[in-house]
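Data first, discussion second: the structure below is written as structure tokens.
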Amino acid sequence: MTLAPYAVQDGTSRGRRHPEPAPANRSEYQRDRDRIIHSAAFRRLEYKTQVFINHEGDLFRTRLTHSIEVAQIARSVARALGLNEDLTEAIALAHDLGHTPFGHSGQDALNECMKQYGGFEHNLQSLRVVDLLEERYAEFPGLNLTFETREGILKHCSVKNARELGELGRRFLEKTQPGLEAQLVNIADEIAYNNHDVDDGLRSGLITLEQLKPVSLFAGQYDEVMRRYPDIPPRRAIYETIRRMIGQVVTDLIENSRRRITRAGIRSIEDVRRQPESLIACTPEVAEKSRELKRFLRQNLYAHERVTHMMGEAVQIVRQLFEAFMKDATLLPPQYQEKLRQPAGTGEQARIVADYIAGMTDRYAMREHARMLGHPGAQTSG
Ligand code: MG
């Protein structure tokens with residue numbers, strides 16, 4: 001399939017940090033995607049969660065299934081717009097690699113622990129995973145991905161960190177845009193979690209159909225489903241509604257982005273980068289409906305007492321693990337202790353501890369916590 005002139009292409013790539021010969025039978029971005037799939041951090045996504053802790057039920061999304069759903073949505077849009085599907089998929093599969101256990105609470109807790117040592121940002125950590133922490137190749141640390149994949153992984157970044165990142169951080173200082181594939185994955189991420197959290201939220205019983213009925217994105221499709229299939233069983237009505245919600249937002253995204261690209265007269269990736277804002281975007285009406293759904297989920301699901309209670313425990317686990325490893329580095333696994341062999345300052349030790357904790361899955365963190373601190377609430381059936 002021919003790519004649009006504004007798609008990222010092998011021939012115009014800004015390359016890898018450690019130069020390598022071009023791959024023989026696949027594109028540069030296929031190679032990136034393949035390296036991500038073979039990484040340890042990718043496999044760990046199976047046991048990391050965003051909203052529900054991993055052992056609560058086998059049907060809830062994990063970061064692994066979330067990442068695959070993001071890739072699915074993003075690839076459909078990429079193909080429709082003539083963007084680079086391989087790159088899109090690589091970014092989607094890697095976008096959550098740096099996440100701590102226990103979703104955002106885990107990340108906030110670790111950020112708090114790291115406050116005096118430069119903080120902890122999950123986007124930056126994802127980059128750290130692919131640039132440094134994966135140890136798989138003889139010739140370089142990390143996965144040595146292309147600039148474009150790394151650019152897509154680094155969604156946000158503080159100005160302070162951007163300054164230290166050189167070329168990759170420049171767009172945050174100059175307020176330019178990343179490639180369209182990176183812009184796309186960013187939105188596909190939101191579309192994926194808004195919709196699957198409705199599904200998981202309903203299944204868990206933490207939110208109800210009645211509560212969702214006033215939410216316009218949901219109501220628009222649900223009413224239509226019930227009108228057309230009045231006898232449909234409830235579970236199927238919900239699935240059919242969610243599938244239509246995704247369809248509506250994705251179609252809007254494709255059509256509106258196409259219009260924006262045409263209107264801005266975009267002919268190349270340089271044109272894309274120079275734009276004052278993202279070209280991949282929904283219409284204002286659909287964007288507002290998505291925000292409404294997001295607000296609903298924040299108030300009713302993410303802030304649900306059962307979720308916050310669980311997350312409160314998760315915060316304790318992360319905090320206590322951090323303190324324990326800071327106090328006694330010999331509790332760290334040998335490969336992490338090795339990194340400390342040279343005389344290290346507390347800042348360096350803190351970063352190594354943060355890398356170790358961030359890499360943990362939910363259940364591994366609970367087990368480590370129970371083993372080290374014997375906290376009864378930390379027992380896990382997983
Ligand atoms: Mg995500």
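Overall dimensions of the range 291-382, expressed as equivalent-ellipsoid semi-axes from the Cα gyration tensor (√(5λ), whole Å, largest first), are 31, 17, 10.
Over the chain, give the accessible area per residue in Å² for a 1.4 Å probe, as an integer.
47 Å²
Please compute the Cα-Cα pair-distance distribution of the range 164-206 with 10 Å bins starting at 0, giving whole percents from short to long. Per 10 Å bin, starting at zero, the Cα-Cα P(r) for the range 164-206 comes out as 23, 30, 23, 17, 7 percent. Between Ala40 and Tyr229, the simple spin-label model (points 7 angstrom out along Cα→Cβ) gives 4.5 nm. Subtracting the Cα-Cα distance of Arg273 and Arg259 from their residue separation scaled by 0.36 nm leaves 3.3 nm.
Expressed as a whole percent, the accessible area of the range 169-210 that falls on carbon and sulfur atoms is 49 (1.4 Å probe). Given in Å, the Rg to one decimal and the Dmax to the nearest whole number for the Cα atoms of the range 233-375 are 23.7, 65. Based on alpha carbons, the Rg and Dmax found for the chain are 21.6, 71 Å.
Once Rg and the Kirkwood radius are both taken over the C-alpha atoms of the range 1-139, their ratio Rg/Rh works out to 1.01. Peptides 158-168, 227-237, 71-81 ranked from most to least packed by the mean count of surrounding Cβ atoms within 10 Å: 71-81, 158-168, 227-237. Applying both filters, DSSP loop and at most 12 other Cβ atoms within 10 Å, to the trypsin sites (Lys or Arg not before Pro) of the range 282-382 gives Arg341. When only C-alpha pairs under 8 Å and at least 6 residues apart count, what is the relative contact order of the chain, in percent? With pairs under 8 Å counted, the relative contact order is 21 percent. Over the range 220-275, with every protein chain in place, what whole percent of the accessible area is carbon and sulfur at 1.4 Å, could you tell me? Carbon-and-sulfur percentage of accessible area, whole number: 49. For the range 135-225, the calculated P(r), taken from all Cα-Cα distances in 10 Å bins from zero up to the bin holding the longest distance, is 13, 29, 22, 21, 14, 2 percent. If the chain linking Glu20 and Ala344 were pulled fully straight, counting 0.36 nm for each residue of separation and taking away their Cα-Cα distance, it would gain 113.4 nm. Structural size metrics of the range 95-166, computed from C-alpha coordinates, are Rg and Dmax of 12.7, 36 Å. Rg over Rh for the range 195-242 works out to 0.93, using Cα positions for both radii and the Kirkwood form for Rh.
Based on the Stokes-Einstein relation at 4 °C and a viscosity of 1.567 mPa s, and on the Kirkwood radius from alpha carbon pairs, the range 230-293 is assigned a translational diffusion coefficient of 94 µm²/s.
The values are calculated or read from the model by the stated rules, or taken from the named source; none is laboratory data. No experiment lies behind these values; they were computed from the predicted model shown. Here the Cβ is made from the backbone with ideal geometry for all residues, glycine too, and neighbour counts use every protein chain on show. SASA here: full protein model, heavy atoms, side chains in, ligands and nucleic acids out. Shrake-Rupley method; radii C 1.70, N 1.55, O 1.52, S 1.80 Å.
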